[in-house]
Amino acid sequence: MVANRQKNLVFICVDQMRYDALSVTGNALVRTAGLDRLANRGMVFHRHHTPNQICSPSRATMATGLYPRTHGLTRNGIALPDRYPTIWSMLKAKGLATHAIGKLHYQPLLASHTHNMPESLAFWRSDDAAKWSGPYFGFDEVELVLGEANESVKAGHYAHWLKHHHPQAVHLYEPQASSPAASDLKEIWRNAIPAELHYTNWIADRAIAAIDKHSRTGGLCLFVSFPDPHHPFCPPEPYCDMFAPESVAMPVVTPGELDRMPAYLRDGDDPVKDAYIQPGEKVREQGFMLRTDSISEPTMRRVIAHTYGSVQMIDDAVGRILDAIESNGLSDETFVVFTSDHGEFLGDHGLLRKGPPPYRQLLQVPMLFSGPGIPRNTASHALTSHIDFVATLTAFFDLAPTRHEGLDLSGILTGRSQQVRDHLFAEYHPRADSRVYNQTVITDRWRYTCYPNEPSWGELFDLESDPWEHWNLFGEPGFGNRAAGLRGKIESQLPSAPNAGEAVLGAY
(Lines give C-alpha, C1' and ligand atoms only; values in the text may rest on other atoms or scores of the structure.)
Protein backbone atom coordinates (compact mmCIF):
# COMPACT_ATOMS: atom_id res chain seq x y z
CA MET A 1 0.00 0.00 0.00
CA VAL A 2 1.27 3.47 -0.92
CA ALA A 3 1.20 5.96 1.97
CA ASN A 4 -1.36 8.78 1.92
CA ARG A 5 -3.22 7.44 -1.08
CA GLN A 6 -6.76 8.62 -1.61
CA LYS A 7 -9.45 6.38 -0.17
CA ASN A 8 -11.76 4.57 -2.59
CA LEU A 9 -15.43 3.60 -2.54
CA VAL A 10 -16.97 0.56 -4.24
CA PHE A 11 -20.73 0.76 -3.69
CA ILE A 12 -22.57 -2.39 -4.81
CA CYS A 13 -26.35 -2.28 -5.20
CA VAL A 14 -28.76 -5.02 -6.23
CA ASP A 15 -32.43 -4.85 -7.14
CA GLN A 16 -35.25 -6.46 -5.17
CA MET A 17 -33.23 -8.54 -2.70
CA ARG A 18 -34.68 -9.43 0.68
CA TYR A 19 -32.73 -9.01 3.91
CA ASP A 20 -32.77 -12.78 4.51
CA ALA A 21 -31.42 -13.70 1.05
CA LEU A 22 -27.81 -14.17 2.25
CA SER A 23 -26.22 -16.85 4.37
CA VAL A 24 -24.76 -14.13 6.59
CA THR A 25 -28.30 -12.85 7.28
CA GLY A 26 -29.77 -16.26 8.02
CA ASN A 27 -30.58 -17.99 4.74
CA ALA A 28 -30.17 -21.71 5.40
CA LEU A 29 -29.93 -22.79 1.76
CA VAL A 30 -27.91 -20.16 -0.13
CA ARG A 31 -24.17 -20.06 0.52
CA THR A 32 -23.09 -16.54 -0.38
CA ALA A 33 -19.36 -16.96 0.15
CA GLY A 34 -18.43 -13.67 -1.54
CA LEU A 35 -20.79 -11.57 0.54
CA ASP A 36 -19.91 -13.52 3.68
CA ARG A 37 -16.31 -12.58 2.94
CA LEU A 38 -17.29 -8.93 2.69
CA ALA A 39 -19.24 -9.20 5.96
CA ASN A 40 -16.22 -10.72 7.68
CA ARG A 41 -14.15 -7.72 6.58
CA GLY A 42 -16.56 -5.27 8.22
CA MET A 43 -20.05 -4.89 9.64
CA VAL A 44 -23.42 -6.49 8.92
CA PHE A 45 -26.45 -4.27 9.56
CA HIS A 46 -29.39 -6.41 10.64
CA ARG A 47 -32.05 -3.68 10.75
CA HIS A 48 -31.35 -1.62 7.67
CA HIS A 49 -34.30 -0.20 5.71
CA THR A 50 -35.25 1.68 2.60
CA PRO A 51 -37.63 4.63 3.03
CA ASN A 52 -39.52 3.54 -0.10
CA GLN A 53 -40.15 0.03 -1.43
CA ILE A 54 -39.94 1.06 -5.12
CA CYS A 55 -36.75 1.21 -7.21
CA SER A 56 -36.22 4.80 -8.34
CA PRO A 57 -37.24 6.63 -5.13
CA SER A 58 -35.01 4.36 -3.05
CA ARG A 59 -32.02 4.71 -5.37
CA ALA A 60 -32.35 8.49 -5.47
CA THR A 61 -32.41 8.54 -1.66
CA MET A 62 -29.17 6.54 -1.51
CA ALA A 63 -27.55 9.09 -3.80
CA THR A 64 -28.87 12.28 -2.14
CA GLY A 65 -29.48 11.43 1.52
CA LEU A 66 -32.96 12.93 1.15
CA TYR A 67 -36.42 11.44 1.52
CA PRO A 68 -38.23 10.95 -1.80
CA ARG A 69 -40.66 13.74 -0.90
CA THR A 70 -37.64 16.08 -0.65
CA HIS A 71 -35.62 15.08 -3.73
CA GLY A 72 -38.84 14.78 -5.77
CA LEU A 73 -38.43 11.30 -7.26
CA THR A 74 -41.39 9.92 -5.33
CA ARG A 75 -42.45 7.19 -7.76
CA ASN A 76 -41.14 5.37 -10.80
CA GLY A 77 -41.71 7.41 -13.94
CA ILE A 78 -40.14 10.58 -12.51
CA ALA A 79 -36.61 11.83 -13.14
CA LEU A 80 -34.28 12.81 -10.32
CA PRO A 81 -33.86 16.63 -10.48
CA ASP A 82 -30.28 17.74 -11.03
CA ARG A 83 -30.52 20.57 -8.49
CA TYR A 84 -29.51 18.30 -5.59
CA PRO A 85 -25.91 17.19 -5.09
CA THR A 86 -25.35 13.43 -5.06
CA ILE A 87 -22.74 11.57 -3.08
CA TRP A 88 -21.19 10.82 -6.47
CA SER A 89 -20.82 14.51 -7.35
CA MET A 90 -19.45 15.22 -3.87
CA LEU A 91 -16.78 12.53 -4.23
CA LYS A 92 -15.96 13.81 -7.71
CA ALA A 93 -15.39 17.27 -6.22
CA LYS A 94 -13.07 15.62 -3.68
CA GLY A 95 -10.91 14.40 -6.56
CA LEU A 96 -12.10 10.81 -7.00
CA ALA A 97 -12.73 9.35 -10.44
CA THR A 98 -16.45 8.48 -10.46
CA HIS A 99 -17.75 5.57 -12.53
CA ALA A 100 -21.11 3.75 -12.58
CA ILE A 101 -21.82 0.37 -14.14
CA GLY A 102 -25.21 -1.31 -14.43
CA LYS A 103 -28.67 -0.13 -13.43
CA LEU A 104 -28.99 3.42 -12.08
CA HIS A 105 -32.74 4.08 -12.52
CA TYR A 106 -32.61 7.85 -11.94
CA GLN A 107 -34.74 8.47 -15.05
CA PRO A 108 -37.84 6.78 -16.50
CA LEU A 109 -37.38 4.10 -19.11
CA LEU A 110 -40.38 5.36 -21.09
CA ALA A 111 -39.57 9.09 -21.05
CA SER A 112 -40.20 10.82 -24.36
CA HIS A 113 -37.31 11.48 -26.75
CA THR A 114 -37.90 15.21 -26.19
CA HIS A 115 -36.39 14.84 -22.71
CA ASN A 116 -33.13 13.38 -24.09
CA MET A 117 -32.65 11.12 -21.07
CA PRO A 118 -29.91 8.46 -21.28
CA GLU A 119 -31.89 5.97 -19.21
CA SER A 120 -34.85 6.04 -21.61
CA LEU A 121 -35.50 3.71 -24.52
CA ALA A 122 -36.08 6.75 -26.73
CA PHE A 123 -32.54 8.03 -26.19
CA TRP A 124 -31.09 4.75 -27.48
CA ARG A 125 -32.96 4.93 -30.75
CA SER A 126 -30.21 7.28 -31.92
CA ASP A 127 -27.29 5.69 -33.73
CA ASP A 128 -24.93 7.84 -31.66
CA ALA A 129 -26.30 6.84 -28.25
CA ALA A 130 -23.61 4.24 -27.56
CA LYS A 131 -20.93 6.94 -27.92
CA TRP A 132 -22.36 8.69 -24.87
CA SER A 133 -20.89 7.68 -21.50
CA GLY A 134 -21.47 10.69 -19.24
CA PRO A 135 -21.12 12.84 -17.26
CA TYR A 136 -24.23 11.81 -15.35
CA PHE A 137 -25.41 12.83 -11.85
CA GLY A 138 -21.82 13.22 -10.68
CA PHE A 139 -20.36 10.24 -12.52
CA ASP A 140 -17.53 10.94 -14.96
CA GLU A 141 -18.38 7.76 -16.83
CA VAL A 142 -21.36 5.40 -16.95
CA GLU A 143 -21.98 2.02 -18.58
CA LEU A 144 -25.70 1.32 -18.43
CA VAL A 145 -27.86 -1.77 -18.22
CA LEU A 146 -31.51 -0.84 -18.75
CA GLY A 147 -34.12 -3.30 -17.51
CA GLU A 148 -33.97 -6.93 -16.48
CA ALA A 149 -33.82 -10.27 -18.32
CA ASN A 150 -35.20 -9.95 -21.88
CA GLU A 151 -35.81 -6.22 -21.37
CA SER A 152 -32.06 -5.65 -21.00
CA VAL A 153 -31.34 -6.19 -24.70
CA LYS A 154 -33.49 -3.24 -25.87
CA ALA A 155 -31.24 -0.32 -24.91
CA GLY A 156 -28.14 0.70 -22.98
CA HIS A 157 -24.42 0.02 -23.22
CA TYR A 158 -24.81 -3.66 -22.39
CA ALA A 159 -27.46 -4.13 -25.10
CA HIS A 160 -25.21 -2.36 -27.60
CA TRP A 161 -22.24 -4.57 -26.61
CA LEU A 162 -24.25 -7.79 -26.86
CA LYS A 163 -25.76 -6.90 -30.25
CA HIS A 164 -22.39 -5.97 -31.74
CA HIS A 165 -20.19 -8.71 -30.25
CA HIS A 166 -22.64 -11.60 -29.77
CA PRO A 167 -25.68 -10.91 -31.96
CA GLN A 168 -26.63 -14.58 -32.01
CA ALA A 169 -27.16 -14.45 -28.24
CA VAL A 170 -29.66 -11.57 -28.07
CA HIS A 171 -32.74 -13.76 -28.54
CA LEU A 172 -31.56 -16.24 -25.91
CA TYR A 173 -32.95 -14.09 -23.10
CA GLU A 174 -36.48 -14.93 -24.27
CA PRO A 175 -38.32 -18.06 -23.06
CA GLN A 176 -37.26 -20.89 -25.35
CA ALA A 177 -39.38 -23.69 -26.78
CA SER A 178 -37.34 -26.13 -24.70
CA SER A 179 -37.97 -24.08 -21.55
CA PRO A 180 -41.23 -22.15 -21.87
CA ALA A 181 -42.61 -19.86 -19.19
CA ALA A 182 -44.75 -21.59 -16.58
CA SER A 183 -48.42 -21.79 -17.53
CA ASP A 184 -49.49 -20.22 -14.22
CA LEU A 185 -46.79 -17.51 -14.04
CA LYS A 186 -45.57 -15.81 -17.18
CA GLU A 187 -42.22 -14.63 -15.87
CA ILE A 188 -40.34 -17.74 -14.85
CA TRP A 189 -38.15 -19.76 -17.21
CA ARG A 190 -34.64 -21.19 -17.64
CA ASN A 191 -32.56 -18.52 -19.35
CA ALA A 192 -30.62 -19.81 -22.37
CA ILE A 193 -28.06 -16.99 -22.43
CA PRO A 194 -24.57 -18.32 -21.58
CA ALA A 195 -23.62 -17.18 -18.09
CA GLU A 196 -20.48 -15.45 -19.33
CA LEU A 197 -22.62 -13.21 -21.59
CA HIS A 198 -25.29 -12.44 -18.98
CA TYR A 199 -25.41 -8.84 -17.75
CA THR A 200 -24.46 -9.90 -14.21
CA ASN A 201 -21.07 -11.09 -15.44
CA TRP A 202 -20.75 -8.21 -17.92
CA ILE A 203 -21.21 -5.78 -15.02
CA ALA A 204 -18.59 -7.62 -12.97
CA ASP A 205 -16.18 -7.65 -15.93
CA ARG A 206 -16.59 -3.91 -16.46
CA ALA A 207 -16.22 -3.22 -12.72
CA ILE A 208 -12.98 -5.20 -12.61
CA ALA A 209 -11.69 -3.29 -15.63
CA ALA A 210 -12.49 0.01 -13.89
CA ILE A 211 -10.68 -1.10 -10.71
CA ASP A 212 -7.65 -2.19 -12.74
CA LYS A 213 -7.64 1.09 -14.66
CA HIS A 214 -7.82 3.36 -11.63
CA SER A 215 -5.74 1.35 -9.18
CA ARG A 216 -2.66 3.49 -9.75
CA THR A 217 -4.21 6.82 -10.69
CA GLY A 218 -5.73 8.02 -7.42
CA GLY A 219 -9.07 7.62 -5.70
CA LEU A 220 -12.01 5.78 -7.30
CA CYS A 221 -15.72 5.94 -6.58
CA LEU A 222 -17.28 2.95 -8.34
CA PHE A 223 -21.02 2.30 -8.25
CA VAL A 224 -21.80 -1.28 -9.32
CA SER A 225 -25.49 -2.04 -9.75
CA PHE A 226 -26.89 -5.48 -10.63
CA PRO A 227 -30.47 -5.59 -12.00
CA ASP A 228 -31.22 -8.95 -10.34
CA PRO A 229 -32.71 -10.79 -8.45
CA HIS A 230 -35.63 -8.64 -9.69
CA HIS A 231 -38.33 -10.51 -11.62
CA PRO A 232 -38.56 -12.15 -14.17
CA PHE A 233 -37.20 -15.19 -12.37
CA CYS A 234 -34.90 -16.58 -15.05
CA PRO A 235 -31.21 -17.03 -14.24
CA PRO A 236 -28.99 -18.82 -16.79
CA GLU A 237 -27.32 -22.19 -16.35
CA PRO A 238 -25.91 -23.39 -14.03
CA TYR A 239 -27.65 -21.02 -11.64
CA CYS A 240 -31.18 -21.91 -12.74
CA ASP A 241 -30.51 -25.51 -11.64
CA MET A 242 -28.38 -24.80 -8.58
CA PHE A 243 -31.21 -25.15 -6.05
CA ALA A 244 -33.70 -27.99 -6.28
CA PRO A 245 -37.24 -26.61 -6.02
CA GLU A 246 -38.21 -29.37 -3.60
CA SER A 247 -35.43 -28.25 -1.22
CA VAL A 248 -36.64 -24.68 -0.71
CA ALA A 249 -38.94 -23.70 2.14
CA MET A 250 -42.39 -22.61 1.05
CA PRO A 251 -43.46 -19.02 1.76
CA VAL A 252 -45.08 -18.22 5.09
CA VAL A 253 -48.79 -17.46 4.86
CA THR A 254 -50.98 -17.22 7.97
CA PRO A 255 -54.59 -18.18 7.18
CA GLY A 256 -56.79 -15.09 7.17
CA GLU A 257 -53.93 -12.59 7.45
CA LEU A 258 -54.91 -10.54 4.39
CA ASP A 259 -58.49 -10.30 5.68
CA ARG A 260 -57.11 -8.09 8.45
CA MET A 261 -55.27 -5.82 6.02
CA PRO A 262 -56.44 -2.86 3.92
CA ALA A 263 -58.86 -4.01 1.24
CA TYR A 264 -56.59 -3.35 -1.75
CA LEU A 265 -54.35 -6.27 -0.77
CA ARG A 266 -57.17 -8.66 -1.58
CA ASP A 267 -57.30 -7.44 -5.18
CA GLY A 268 -55.21 -9.86 -7.19
CA ASP A 269 -53.48 -9.19 -10.49
CA ASP A 270 -53.29 -11.77 -13.25
CA PRO A 271 -50.08 -13.82 -12.79
CA VAL A 272 -49.79 -14.49 -16.52
CA LYS A 273 -50.04 -10.79 -17.34
CA ASP A 274 -46.79 -9.11 -18.36
CA ALA A 275 -45.21 -7.30 -15.41
CA TYR A 276 -44.22 -4.42 -17.69
CA ILE A 277 -46.65 -1.78 -18.90
CA GLN A 278 -47.44 -2.27 -22.56
CA PRO A 279 -48.19 0.60 -25.00
CA GLY A 280 -51.77 1.77 -24.59
CA GLU A 281 -52.31 -0.22 -21.40
CA LYS A 282 -54.04 1.34 -18.43
CA VAL A 283 -51.54 2.45 -15.78
CA ARG A 284 -51.11 -0.15 -13.04
CA GLU A 285 -49.78 0.34 -9.54
CA GLN A 286 -46.03 0.23 -9.03
CA GLY A 287 -44.39 -3.08 -8.23
CA PHE A 288 -47.05 -5.12 -10.06
CA MET A 289 -47.90 -6.92 -6.81
CA LEU A 290 -49.93 -10.05 -7.34
CA ARG A 291 -51.69 -12.65 -5.23
CA THR A 292 -50.28 -16.16 -5.39
CA ASP A 293 -53.60 -18.00 -4.96
CA SER A 294 -53.62 -19.19 -8.55
CA ILE A 295 -49.90 -20.08 -8.65
CA SER A 296 -49.20 -23.75 -8.01
CA GLU A 297 -46.80 -24.98 -5.34
CA PRO A 298 -44.34 -26.39 -7.93
CA THR A 299 -44.22 -23.01 -9.69
CA MET A 300 -43.74 -21.11 -6.42
CA ARG A 301 -40.91 -23.45 -5.51
CA ARG A 302 -39.28 -22.72 -8.88
CA VAL A 303 -39.67 -18.98 -8.28
CA ILE A 304 -37.79 -19.28 -5.00
CA ALA A 305 -35.15 -21.64 -6.41
CA HIS A 306 -34.54 -19.32 -9.37
CA THR A 307 -34.33 -16.31 -7.05
CA TYR A 308 -31.71 -18.10 -5.00
CA GLY A 309 -29.88 -18.91 -8.22
CA SER A 310 -29.78 -15.23 -9.14
CA VAL A 311 -28.51 -14.39 -5.66
CA GLN A 312 -25.78 -16.99 -6.04
CA MET A 313 -24.78 -15.58 -9.43
CA ILE A 314 -24.53 -12.07 -7.95
CA ASP A 315 -22.50 -13.44 -5.05
CA ASP A 316 -20.02 -15.04 -7.45
CA ALA A 317 -19.72 -11.72 -9.29
CA VAL A 318 -19.16 -9.83 -6.03
CA GLY A 319 -16.44 -12.33 -5.11
CA ARG A 320 -14.66 -11.53 -8.37
CA ILE A 321 -14.87 -7.79 -7.66
CA LEU A 322 -13.42 -8.31 -4.18
CA ASP A 323 -10.61 -10.33 -5.77
CA ALA A 324 -9.85 -7.38 -8.06
CA ILE A 325 -9.71 -4.96 -5.13
CA GLU A 326 -7.30 -7.28 -3.32
CA SER A 327 -5.12 -8.11 -6.32
CA ASN A 328 -4.64 -4.40 -6.98
CA GLY A 329 -3.53 -3.82 -3.38
CA LEU A 330 -6.51 -1.59 -2.57
CA SER A 331 -8.13 -3.47 0.31
CA ASP A 332 -6.73 -1.28 3.09
CA GLU A 333 -7.95 1.98 1.56
CA THR A 334 -11.26 0.95 0.00
CA PHE A 335 -14.71 1.20 1.53
CA VAL A 336 -17.03 -1.46 0.15
CA VAL A 337 -20.80 -1.17 0.64
CA PHE A 338 -23.42 -3.72 -0.38
CA THR A 339 -27.18 -3.21 -0.24
CA SER A 340 -30.44 -3.52 -2.18
CA ASP A 341 -32.89 -0.85 -3.23
CA HIS A 342 -35.82 -2.83 -1.73
CA GLY A 343 -37.00 -6.37 -1.05
CA GLU A 344 -39.38 -8.96 -2.51
CA PHE A 345 -42.46 -10.73 -1.10
CA LEU A 346 -41.38 -14.06 -2.63
CA GLY A 347 -44.75 -15.57 -1.72
CA ASP A 348 -44.91 -14.45 1.91
CA HIS A 349 -48.41 -13.25 2.86
CA GLY A 350 -49.60 -14.90 -0.37
CA LEU A 351 -48.00 -12.09 -2.43
CA LEU A 352 -45.29 -11.83 -5.09
CA ARG A 353 -43.03 -9.05 -6.43
CA LYS A 354 -43.50 -5.74 -4.56
CA GLY A 355 -46.15 -3.07 -4.11
CA PRO A 356 -47.73 -0.51 -1.80
CA PRO A 357 -47.88 -2.42 1.52
CA PRO A 358 -44.72 -1.66 3.53
CA TYR A 359 -44.15 -5.17 4.83
CA ARG A 360 -40.77 -6.05 6.31
CA GLN A 361 -40.08 -8.25 3.29
CA LEU A 362 -39.97 -5.06 1.18
CA LEU A 363 -38.54 -2.40 3.51
CA GLN A 364 -35.76 -4.32 5.27
CA VAL A 365 -32.76 -5.03 3.06
CA PRO A 366 -29.23 -6.39 3.49
CA MET A 367 -26.47 -3.91 4.20
CA LEU A 368 -22.77 -4.74 4.56
CA PHE A 369 -20.09 -2.09 5.09
CA SER A 370 -16.32 -2.56 5.27
CA GLY A 371 -13.33 -0.27 4.98
CA PRO A 372 -10.54 1.61 6.75
CA GLY A 373 -11.13 1.93 10.48
CA ILE A 374 -14.07 -0.49 10.54
CA PRO A 375 -13.45 -3.52 12.79
CA ARG A 376 -13.75 -6.91 11.14
CA ASN A 377 -16.59 -9.38 11.67
CA THR A 378 -18.93 -7.04 13.53
CA ALA A 379 -22.69 -6.57 13.48
CA SER A 380 -25.22 -3.89 14.31
CA HIS A 381 -28.92 -4.07 15.20
CA ALA A 382 -29.34 -0.30 15.08
CA LEU A 383 -32.24 1.12 13.08
CA THR A 384 -30.62 2.47 9.92
CA SER A 385 -31.83 3.71 6.55
CA HIS A 386 -30.73 4.50 3.02
CA ILE A 387 -31.01 8.19 3.95
CA ASP A 388 -27.89 7.65 6.11
CA PHE A 389 -25.42 6.82 3.32
CA VAL A 390 -24.60 10.42 2.40
CA ALA A 391 -23.99 11.53 5.99
CA THR A 392 -21.84 8.46 6.66
CA LEU A 393 -19.70 8.75 3.53
CA THR A 394 -19.37 12.50 4.10
CA ALA A 395 -17.76 11.68 7.45
CA PHE A 396 -15.47 8.95 6.13
CA PHE A 397 -14.25 11.00 3.14
CA ASP A 398 -14.15 14.33 4.99
CA LEU A 399 -16.46 15.94 2.44
CA ALA A 400 -17.83 19.45 2.57
CA PRO A 401 -21.17 19.46 4.43
CA THR A 402 -24.30 19.47 2.30
CA ARG A 403 -27.99 19.22 2.98
CA HIS A 404 -29.17 15.72 3.91
CA GLU A 405 -31.82 14.18 6.13
CA GLY A 406 -29.94 11.11 7.32
CA LEU A 407 -27.66 10.32 10.23
CA ASP A 408 -23.94 9.59 10.32
CA LEU A 409 -23.32 5.88 10.94
CA SER A 410 -19.54 6.21 11.22
CA GLY A 411 -19.76 6.01 15.02
CA ILE A 412 -21.53 2.66 14.80
CA LEU A 413 -19.16 1.41 12.12
CA THR A 414 -16.05 2.25 14.16
CA GLY A 415 -17.48 0.99 17.45
CA ARG A 416 -17.88 4.39 19.15
CA SER A 417 -21.67 4.08 19.44
CA GLN A 418 -24.44 1.50 19.28
CA GLN A 419 -27.55 3.43 18.20
CA VAL A 420 -28.40 6.53 16.18
CA ARG A 421 -32.21 6.71 16.43
CA ASP A 422 -35.19 5.08 18.12
CA HIS A 423 -37.47 5.15 15.07
CA LEU A 424 -37.36 5.61 11.31
CA PHE A 425 -39.83 6.44 8.55
CA ALA A 426 -40.96 5.13 5.18
CA GLU A 427 -43.44 6.60 2.72
CA TYR A 428 -45.10 5.20 -0.41
CA HIS A 429 -46.42 7.47 -3.18
CA PRO A 430 -48.78 5.59 -5.53
CA ARG A 431 -48.97 5.80 -9.29
CA ALA A 432 -52.53 4.63 -9.92
CA ASP A 433 -54.63 4.62 -6.73
CA SER A 434 -54.43 7.63 -4.41
CA ARG A 435 -55.96 5.63 -1.54
CA VAL A 436 -52.81 3.55 -1.10
CA TYR A 437 -50.55 6.51 -0.29
CA ASN A 438 -49.11 5.39 3.04
CA GLN A 439 -46.70 6.48 5.75
CA THR A 440 -44.84 4.20 8.13
CA VAL A 441 -42.92 4.49 11.38
CA ILE A 442 -40.74 1.62 12.65
CA THR A 443 -39.39 1.35 16.18
CA ASP A 444 -37.48 -1.43 17.93
CA ARG A 445 -40.76 -3.21 18.64
CA TRP A 446 -43.50 -1.79 16.43
CA ARG A 447 -44.34 -1.08 12.80
CA TYR A 448 -47.28 1.27 12.27
CA THR A 449 -48.65 2.41 8.90
CA CYS A 450 -51.39 4.93 8.19
CA TYR A 451 -53.24 5.74 4.95
CA PRO A 452 -54.05 9.47 5.10
CA ASN A 453 -56.36 9.28 2.07
CA GLU A 454 -58.23 6.28 3.50
CA PRO A 455 -58.25 6.78 7.32
CA SER A 456 -60.15 3.56 8.01
CA TRP A 457 -57.12 1.59 6.79
CA GLY A 458 -54.12 0.98 9.02
CA GLU A 459 -51.44 -1.54 9.97
CA LEU A 460 -49.90 -2.26 13.37
CA PHE A 461 -47.46 -5.11 13.98
CA ASP A 462 -45.73 -6.23 17.15
CA LEU A 463 -42.24 -7.05 15.87
CA GLU A 464 -41.38 -8.87 19.07
CA SER A 465 -44.12 -11.51 18.84
CA ASP A 466 -44.70 -11.29 15.07
CA PRO A 467 -41.34 -10.33 13.50
CA TRP A 468 -42.37 -11.05 9.89
CA GLU A 469 -45.69 -9.19 10.20
CA HIS A 470 -48.40 -11.77 9.64
CA TRP A 471 -51.10 -10.52 12.05
CA ASN A 472 -52.31 -6.93 11.78
CA LEU A 473 -53.35 -5.54 15.19
CA PHE A 474 -54.78 -2.29 13.85
CA GLY A 475 -58.27 -1.74 15.22
CA GLU A 476 -58.03 -4.47 17.84
CA PRO A 477 -59.13 -3.58 21.39
CA GLY A 478 -56.23 -2.60 23.59
CA PHE A 479 -53.99 -1.26 20.80
CA GLY A 480 -55.65 2.07 20.06
CA ASN A 481 -53.33 4.13 22.25
CA ARG A 482 -50.27 2.45 20.76
CA ALA A 483 -51.44 3.22 17.22
CA ALA A 484 -52.31 6.81 18.16
CA GLY A 485 -48.89 7.40 19.71
CA LEU A 486 -47.08 6.10 16.67
CA ARG A 487 -49.28 8.08 14.33
CA GLY A 488 -48.39 11.16 16.35
CA LYS A 489 -44.72 10.64 15.48
CA ILE A 490 -45.62 10.62 11.79
CA GLU A 491 -47.89 13.67 11.98
CA SER A 492 -45.33 15.74 13.90
CA GLN A 493 -42.19 14.72 12.00
CA LEU A 494 -43.36 13.62 8.54
CA PRO A 495 -46.67 15.40 7.86
CA SER A 496 -48.82 13.91 5.12
CA ALA A 497 -47.69 14.94 1.63
CA PRO A 498 -49.59 12.80 -0.88
CA ASN A 499 -48.91 15.16 -3.78
CA ALA A 500 -45.15 15.51 -3.27
CA GLY A 501 -42.90 14.87 -6.23
CA GLU A 502 -41.82 16.10 -9.63
CA ALA A 503 -43.79 15.69 -12.85
CA VAL A 504 -44.34 12.17 -14.17
CA LEU A 505 -42.50 11.70 -17.47
CA GLY A 506 -43.04 8.03 -18.27
CA ALA A 507 -43.16 4.61 -16.65
CA TYR A 508 -40.85 2.32 -14.70
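The values are calculated or read from the model by the stated rules, or taken from the named source; none is laboratory data. This is a predicted model, so every value here is computed, not measured. Virtual Cβ from ideal backbone geometry, glycine too; neighbours counted across all protein chains shown. Note: accessible area is taken over every heavy atom of the protein model, side chains too, but ligands, DNA and RNA are not part of it. Shrake-Rupley method; radii C 1.70, N 1.55, O 1.52, S 1.80 Å.
List of remarks:
- Based on the reciprocal of the average 1/r between different C-alpha atoms, the Kirkwood radius for the stretch 366-508 equals 17.5 Å.
- Proximity of backbone amide H atoms, modeled 1.01 Å from N, is registered between T334 and N8 at under 5 Å, excluding neighbours fewer than 5 places apart on the same chain.
- P(r) weight above 18 Å for the stretch 136-224, C-alpha pairs, percent: 52 percent
- Geometric descriptor of the chain, per residue, is 139 Å³ (volume of the convex hull of the Cα atoms).
- Listed pairs K282/K489; K103/K186; K94/K489; K103/K213 exceeding 30 Å between Cα atoms: K282/K489; K94/K489
- Accessible-area ranking of M250, M261, largest first, probe 1.4 Å: M250, M261
- Placing D462, D82 in order of accessible area, with the largest value first and a 1.4 Å probe, yields D82, D462.
- Backbone amide hydrogens, once placed in the peptide plane, bring R291 within less than 5 Å of D269, excluding anything fewer than 5 places away on its chain.
- Candidate residues S89, S327: accessible-area rank, largest first, probe 1.4 Å: S327, S89
- Summary of packing: across the peptides 429-437, 219-227, 396-404, the per-residue average of other C-beta atoms within 10 Å ranks them, highest first, as 219-227, 429-437, 396-404.
- Evaluating 6.51 cos²θ - 1.76 cosθ + 1.60 at θ = phi - 60° for every residue in the stretch 410-419, the Karplus couplings come out as 5, x, 5, 5, 9, x, 7, 8, 10, 9 Hz, glycine and proline recorded as x.
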